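Down below is the structure, laid out as C-alpha cells.
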Amino acid sequence: MVAVRMPVMTRYTMAASALAAVMTLGVTSAVLVAQDAGRGRGAEPAGRQGGPPAGRGGGLGTKTPELLASVWTASSTVARTTLRHEWVDVPMGSARLHTWVEYPAGDARAPVVIVLQDDPGLDDWTRGVADQLAFEGFIAVAPDLFSGYGPNGGHFDSFRTQDEAMRVAGPRLTADEALRRATAAAAFAQRLPRASGALGVIGFGSGGTLAVRMAAEVPTTKGVVVFYGAAPADAVLRRVAAPVLAFFAEDDETVTSTVPATTATMQRLGKRFDVFRYPGATHSFLKYQFEGVNTPATQDGWARAIAFLRQQLQASERSR
Amino acid sequence: MTRHVIAALAVGGAALFLAWSAHPLRGGALDPVVHAETRSTLPTREGAKELLSFTHRHREWINVPIADQASVLAWVIYPERADRAPVVFLTGEHLRADEWTRAVSDQLAAEGFLVVVPDILTEVDPQGDRYDAAAPVPNDAAEVGRRMQAVQTAVLALPAARNVLVRVDLTGGQAVVDTGQRASFALSVSEWPSLIAFLNQQTGNSPDAVPAAAHADHLAMQAVQAAQRNAPGRVSALAVKDPRLPAGFYTARSTLLDTKLKTEWVDIPMEGTTVKLHTFVVHPATTERTGVVIVMQHGVGLDEWQRALAVQVAEDGFIAVAPDLWSGTGPNGGNWDASAFIDDAMRAAAGKITPAETMRRYRVARTWALGLPQANGKTGSIGFCAGGGNSFRFASEVPEHNASVVFYGTPPPEEEMAKINAAVLGFYGENDARVTATVEPAKAAMARLGKSYEAHVYPKVTHSFVLFQDMGNNAAAVADAWPRTIEFFRRYLR
C-alpha cells in the first residue's frame with residue numbers, strides 16, 4: 001500500500017549536474033539518490049556490447065555501460081547482449097502480442113518492468129531500453145504494440161521501413177487498444193516463473209501516457225516512470241495508486257506545457273508525482289542523448305528512473 | 001432539392017448579417033488584441049459529444065414561437081456567474097445546432113458568455129414533435145432572418161442575459177464575428193484565445209470578474225481528453241516526408257527505396273592505394289547539364305540518412321555525389337557498409353582518416369564528378385556536423401570550388417579562410433553551443449577577408465536538426481534552411 005503524501009512543493013538542486021530548474025513534488029528525491037549506490041550489480045559491463053572496449057571510437061559510437069543505448073548504439077547492443085532474451089507471442093483474444101522479454105543475469109526471481117514504446121514503434125532503441133533494464137536487474141517485457149498490423153498479419157519488424165510502420169500501424173492503434181495490449185503484457189509478465197511479483201512500467205512519449213493508463217488499469221503496479229509523455233485524463237489519474245516519476249524536456253513545448261496542469265491535478269488528488277524538467281533538453285532526449293544538453297539530462301534522468309524502480313519494486317517485494 | 005443545398009441556400013439568405021470578412025483581425029485596423037489566458041479551448045469534432053455529456057454547465061433547448069402553431073428550437077447554455085452575462089449568438093454549418101457547434105458554445109460559456117445556438121430549420125409543432133422545416137422556408141432568406149430575429153429576441157429576454165449580443169458564425173473553418181465590426185478567426189486551438197480576447201473586448205466581458213467555475217471547466221476538459229481514447233491513433237509527423245524537404249531519421253530508408261531517380265555506386269580509384277572511394281551517386285531527372293554537389297557525411301558515416309539527403313539534392317536538380325569517406329576502413333578493408341552496425345563502422349574508422357586525407361578524398365570525388373557528361377563545370381558541397389566543417393574547409397582547399405553549404409559544422413582557421421573563393425552559407429542551431437559559438441567569429445573573419453558568408457542561427461534548434469526533426473523547433477528550421485540551400489546552389493552552380 002502506497003502511503004498518500006501531502007505533496008509539498010520543494011526546490012531541489014541536483015548535486016550531480018548543473019541542471020537547475022527541477023521541480024519535484026514529494027520528499028523522496030534524497031532517498032532515490034542514496035539508493036543509487038547499489039547500481040551496477042549483475043552482468044559485467046565491459047564488453048557486453050561485444051565490440052572493442054569503450055573509449056575507442058569516439059562519443060557517438062560508444063555506449064556508456066551504465067546508461068541505456070542511444071539511437072546509434074542500440075542495434076549492436078541488442079544484437080550482442082549476453083543476457084537471456086526471447087520473443088514471446090502472448091495470446092490476447094484471437095490475436096497475439098509479439099513481446100520482447102529480457103532477463104537479468106543469474107536465475108533469481110526479479111521484479112518486472114513493462115517497457116512501452118513511443119510512436120516510432122518497438123525498434124532497436126526501445127529494445128535497448130529493455131536490455132539496460134535487464135542489466136539493472138529487472139525482467140524487461142516490451143510488447144510490440146503494432147503486433148498483427150504488419151503485412152500479412154506481421155509485426156513491427158515485418159514492415160519494409162519504420163516510417164511505413166508508423167503510417168500504417170500508428171492510425172490502427174487506438175488508445176484503448178494500446179491499453180488492452182499493455183495490460184495483456186502486464187498480465188503475462190506477472191506470471192513468468194522468475195517474476196518476483198513486483199510490477200513497474202516505463203514509457204516514452206505516447207508510451208509514457210500509456211504507462212500511466214496501464215497503472216490505472218493494473219492495480220498491482222508499484223511504480224510508473226514517464227519520459228516526456230503527457231498525462232491521460234483526470235479520471236484515469238484518479239485511479240492510479242502507484243507513485244509516478246516523470247521527466248520532461250524544456251524544449252518540448254507540446255508535452256511539457258501540460259505539466260503544470262498535471263501537477264496541480266495530482267496534487268489535488270493526493271497522488272505522488274515527482275517531476276524533473278531539464279532546461280535546454282529536447283523531446284526524446286534519451287534516444288538522442290548525444291545532442292546538446294541531452295547528455296546530462298539522460299545521465300540524471302536514467303539514474304533516477306532506475307533508482308526509483310529499484311526502490312518501488314523491491315520495497316513492494318519486502319512487503320509481500 | 002437536397003437538404004444540403006437547401007441549407008446552403010439558407011446560409012446564403014442569411015448572409016445579411018453573416019457576411020464574410022475579408023479582413024482578418026491581425027491585418028485590419030482594429031485595436032490589437034492581447035492574447036490572454038483562456039479557460040477554454042476549441043473542442044474537437046470527435047470530442048464534442050462527450051464534452052456535451054460531461055459539461056457541468058446548465059443548458060437547455062428552448063422553443064421560440066414563430067407562428068401560432070409552430071416554434072423553432074434553440075440551444076441555450078449558461079455560464080457559471082452570478083451576474084448577467086453578455087450573449088453570443090452562435091450559428092453553425094447549415095444553421096443547425098449540431099453537436100460540435102454546441103460543444104463550442106459550452107467552451108464560450110466557460111468564458112462567461114451566455115450562448116444561444118439556433119436550430120433554425122427544426123420546427124416544433126404544438127404537440128412537441130419536431131420535424132425538419134420543409135421548403136420553402138429554408139431558402140426563404142426573409143423567413144430565416146425572421147426566425148433568427150425571434151431567437152435573438154427570446155434569448156435577450158432571459159433573466160440571465162445582459163443586453164449585449166455578438167454574433168459568431170462558424171462556417172468554412174472560420175469564426176466570423178459580427179458586432180458592427182467584423183473579424184474572422186481561423187478555427188484552431190492556437191487562434192482560439194484571439195477569438196476569446198476579441199469577444200471579451202467587444203462585449204466588455206471580463207473573465208476575471210466571472211466567479212470561478214473551475215469544476216465545470218475541469219470536467220469539460222476531461223471530457224475532451226476522454227474522447228481521445230477511442231479516436232484512431234495518429235500518423236506521426238516523423239513518418240511523413242515532405243517531398244520538398246530532405247528526409248529525417250525515420251523517412252530515410254523509404255526515400256532511398258522509393259526514389260525514381262537513377263542511383264548508383266561507383267568505386268573511384270585513388271592514387272597510391274588500392275582502396276577505391278566507394279561513392280553513392282544520384283542523377284537528377286533533368287537532361288540538361290547541371291552542377292555537382294558533393295555530399296559530405298556526418299559523424300556516423302554514409303548511412304541511409306546521408307544517402308537520402310543526396311537523393312534530395314538530386315531531386316532539386318543537381319548531380320549528387322556522396323563519397324563514403326571511410327572507404328577501406330571497414331572489416332577486411334571494406335567500406336562503411338562492411339560493418340554490421342553503425343557504431344562498429346564508427347569505431348573501425350576512428351582516427352584513420354586524417355583531415356588531410358579527408359580533403360584528398362573529396363578532391364578525388366570532385367575531379368571524378370566533373371568528368372561526368374552532365375556536369376556543367378561548377379561544384380558545390382553540402383555537409384553536416386563534421387561534414388559541415390569539411391564543406392567549409394573544402395572551399396579553402398579548392399579555389400575553383402563555387403559554393404559550400406555548412407550545416408552545423410565549424411569553420412577553418414582564418415588563414416585558411418583567406419584562400420576561399422566560394423560563397424559559403426551556414427545553418428546552425430541555437431542549442432548547439434560548441435558549434436554555434438564559432439558563427440560570430442567566423443562572420444567577423446570572413447567579413448575582414450571580404451569573403452561571402454551568410455549564417456542562419458535558429459532559436460530552440462539543436463545540432464543535427466535535419467536528421468532529428470522531432471526535437472525542439474528543428475522541423476521549422478529544416479523548412480526554412482532547405483529552400484535557402486537550393487536557392488543558393490541554383491545561384492552559384494548554374
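The values are calculated or read from the model by the stated rules, or taken from the named source; none is laboratory data. Predicted model only: the values in this text are computed from it and were never measured. Ideal geometry is used to build each Cβ from the backbone, glycine not excepted, and the neighbour counts take in all protein chains shown.
In region B:429-446, what residues are within 12 Å of chain A (Cβ to nearest Cβ), over 18 Å from B:SER391 (Cα atoms) and either in contact with a Lys or Arg (Cβ under 8 Å, 6 or more places away or on another chain) or not charged (D, E, K, R) (or both)?
Selection gives B:GLU430, B:ASN431, B:ALA433.
The conditions are (1) over 24 Å from B:TRP305 (Cβ atoms); (2) of a type outside the set (Phe, Trp, Tyr); (3) assigned to a loop (DSSP other than H, G, I, E, B), and A:GLU177 fails exactly one of them. Which is it?
(3)
Return only the number of the condition from (1) farther than 27 Å from B:THR462 by Cα; (2) surrounded by 24 or more Cβ atoms within 10 Å (Cβ to Cβ); (3) not basic (Lys, Arg) that A:THR263 does not satisfy.
Among (1) farther than 27 Å from B:THR462 by Cα; (2) surrounded by 24 or more Cβ atoms within 10 Å (Cβ to Cβ); (3) not basic (Lys, Arg), the lone unmet condition for A:THR263 is (2).
Out of region B:454-469, which residues are surrounded by fewer than 24 Cβ atoms within 10 Å (Cβ to Cβ) and either under 22 Å from B:PHE392 (Cβ atoms) or facing chain A (nearest Cβ under 7 Å) (or both)?
Selection gives B:GLU454, B:ALA455, B:HIS456, B:VAL457, B:TYR458, B:LYS460.
Considering B:LEU158, B:LEU121, B:LEU195, which residue is under 26 Å from B:THR55 (Cβ atoms) and at pLDDT 90 or above?
The unique qualifying residue is B:LEU195.
Restricted to region B:300-315, and to residues that are over 23 Å from B:THR286 (Cβ atoms) and hydrophobic (A, V, I, L, M, F, W, C), which residue is surrounded by the fewest Cβ atoms within 10 Å (Cβ to Cβ)?
Checking each candidate, the answer is B:VAL300.
Considering only strands (runs of 3 or more DSSP E) fully contained in region B:260-313, which possess at least 3 residues that are not aliphatic (A, V, I, L, M)?
B:262-269, B:276-283
Go through region B:237-259 and give me each residue that's over 17 Å from B:PHE465 (Cβ atoms) and in contact (Cβ under 8 Å) with a residue 24 or more places away in the chain.
Of everything in region B:237-259, those that are over 17 Å from B:PHE465 (Cβ atoms) and in contact (Cβ under 8 Å) with a residue 24 or more places away in the chain turn out to be B:PRO243, B:ARG253, B:THR255, B:LEU256, B:THR259.
This table checks each residue for (1) under 14 Å from the mean Cα position of the chain (by Cα); (2) not β-branched (Val, Ile, Thr).
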{"residue": "A:ASP118", "(1), (2)": "yes, yes"}
{"residue": "A:THR126", "(1), (2)": "yes, no"}
{"residue": "A:ASP131", "(1), (2)": "yes, yes"}
{"residue": "A:THR161", "(1), (2)": "no, no"}
{"residue": "A:LEU173", "(1), (2)": "no, yes"}
{"residue": "A:ALA178", "(1), (2)": "no, yes"}
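I'd like the full set of residues that are assigned to a loop (DSSP other than H, G, I, E, B) and either touching a Leu at 6+ places or on another chain (Cβ under 7 Å) or among the acidic types (Asp, Glu) (or both), limited to region A:123-148.
Within region A:123-148, A:ASP123, A:GLU136, A:PHE138, A:ASP144, A:LEU145, A:PHE146, A:SER147 qualify.
Can you work out which of the residues in region A:153-165 that are at pLDDT 95 or above and within 17 Å of A:PRO143 (Cβ to Cβ) is nearest to the other protein chains (Cβ to nearest Cβ)?
A:ALA165
Please determine whether any residue of region B:99-115 is surrounded by 16 or more Cβ atoms within 10 Å (Cβ to Cβ), among the basic types (Lys, Arg) and farther than 25 Å from B:LEU51 by Cα.
Scanning region B:99-115, I find no residue that is surrounded by 16 or more Cβ atoms within 10 Å (Cβ to Cβ), among the basic types (Lys, Arg) and farther than 25 Å from B:LEU51 by Cα, so the answer is no.
Only one of these is at pLDDT below 95 and within 14 Å of chain A (Cβ to nearest Cβ): B:GLY248, B:GLY299. Name it.
B:GLY299
Checking the conditions here, which among B:GLN312, B:GLN306, B:GLN297 is touching a His at 6+ places or on another chain (Cβ under 9 Å) and of a type outside the set (Phe, Trp, Tyr)?
It is B:GLN306.
B:ALA365 versus (1) under 13 Å from B:GLY299 (Cα atoms); (2) in contact with a Pro (Cβ under 6 Å, 6 or more places away or on another chain): which is the lone unmet condition?
Answer for B:ALA365: the failing condition is (1).
Okay, residues lined up against (1) within 14 Å of chain B (Cβ to nearest Cβ); (2) of a type in the set (Lys, Arg); (3) exposed (fewer than 15 other Cβ atoms within 10 Å of the Cβ); (4) not in a loop (DSSP other than H, G, I, E, B):
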| position | (1), (2), (3), (4) |
| --- | --- |
| A:TRP72 | yes, no, no, no |
| A:VAL78 | yes, no, no, yes |
| A:THR82 | no, no, yes, no |
| A:GLU86 | no, no, yes, yes |
| A:VAL90 | no, no, no, yes |
| A:VAL101 | no, no, no, yes |
| A:PRO104 | no, no, no, no |
| A:ASP107 | no, no, yes, no |
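Out of region A:286-304, which residues are more than 17 Å from A:GLY229 (Cβ to Cβ) and among the aliphatic types (A, V, I, L, M)?
Scanning region A:286-304 gives A:VAL293, A:ALA303.
Go through the residues of region B:286-296 one by one and say whether even a single one is touching a Phe, Trp or Tyr at 6+ places or on another chain (Cβ under 8 Å), basic (Lys, Arg) and over 17 Å from B:VAL398 (Cα atoms).
Looking for residues that are touching a Phe, Trp or Tyr at 6+ places or on another chain (Cβ under 8 Å), basic (Lys, Arg) and over 17 Å from B:VAL398 (Cα atoms), one finds none in region B:286-296, hence no.
How many residues, within region B:329-362, are in contact with a Gly (Cβ under 8 Å, 6 or more places away or on another chain), surrounded by fewer than 21 Cβ atoms within 10 Å (Cβ to Cβ) and part of a loop (DSSP other than H, G, I, E, B)?
Summing the residues that are in contact with a Gly (Cβ under 8 Å, 6 or more places away or on another chain), surrounded by fewer than 21 Cβ atoms within 10 Å (Cβ to Cβ) and part of a loop (DSSP other than H, G, I, E, B) in region B:329-362 gives 2.
From A:LEU192, A:LEU145, A:LEU199, which residue is within 14 Å of chain B (Cβ to nearest Cβ) and of a type outside the set (S, T, N, Q)?
None of the others qualify; the one that does is A:LEU145.
Looking at region A:54-65, can you tell me whether even one residue there is under 21 Å from the mean Cα position of the chain (by Cα), surrounded by 19 or more Cβ atoms within 10 Å (Cβ to Cβ) and within 13 Å of chain B (Cβ to nearest Cβ)?
Yes, there is a match, as at least one residue in region A:54-65 is under 21 Å from the mean Cα position of the chain (by Cα), surrounded by 19 or more Cβ atoms within 10 Å (Cβ to Cβ) and within 13 Å of chain B (Cβ to nearest Cβ).
Confirm whether B:HIS401 is away from chain A (no Cβ under 12 Å) and assigned to a loop (DSSP other than H, G, I, E, B).
yes
Here are some residues: A:GLU250, A:GLU177. Which one is crowded, with 19+ Cβ neighbours inside 10 Å, among the charged types (D, E, K, R) and either touching a Cys at 6+ places or on another chain (Cβ under 9 Å) or within 13 Å of chain B (Cβ to nearest Cβ) (or both)?
That would be A:GLU250, the only listed residue that is crowded, with 19+ Cβ neighbours inside 10 Å, among the charged types (D, E, K, R) and either touching a Cys at 6+ places or on another chain (Cβ under 9 Å) or within 13 Å of chain B (Cβ to nearest Cβ) (or both).
Name the single residue that is farthest from the other protein chains (Cβ to nearest Cβ) among those in region A:210-220 being over 20 Å from A:ALA303 (Cβ atoms) and crowded, with 24+ Cβ neighbours inside 10 Å.
Per the stated criteria, the residue is A:ALA215.
Residue by residue, here is whether (1) away from every other protein chain (no Cβ under 14 Å); (2) among the small types (Gly, Ala, Ser); (3) closer than 23 Å to A:HIS283 by Cα; (4) in contact with a strand residue (DSSP E or B) (Cβ under 9 Å, 6 or more places away or on another chain) holds:
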site: B:ALA418; (1), (2), (3), (4): yes, yes, no, no
site: B:ARG448; (1), (2), (3), (4): yes, no, no, no
site: B:ALA476; (1), (2), (3), (4): no, yes, yes, yes
site: B:ARG484; (1), (2), (3), (4): yes, no, no, yes
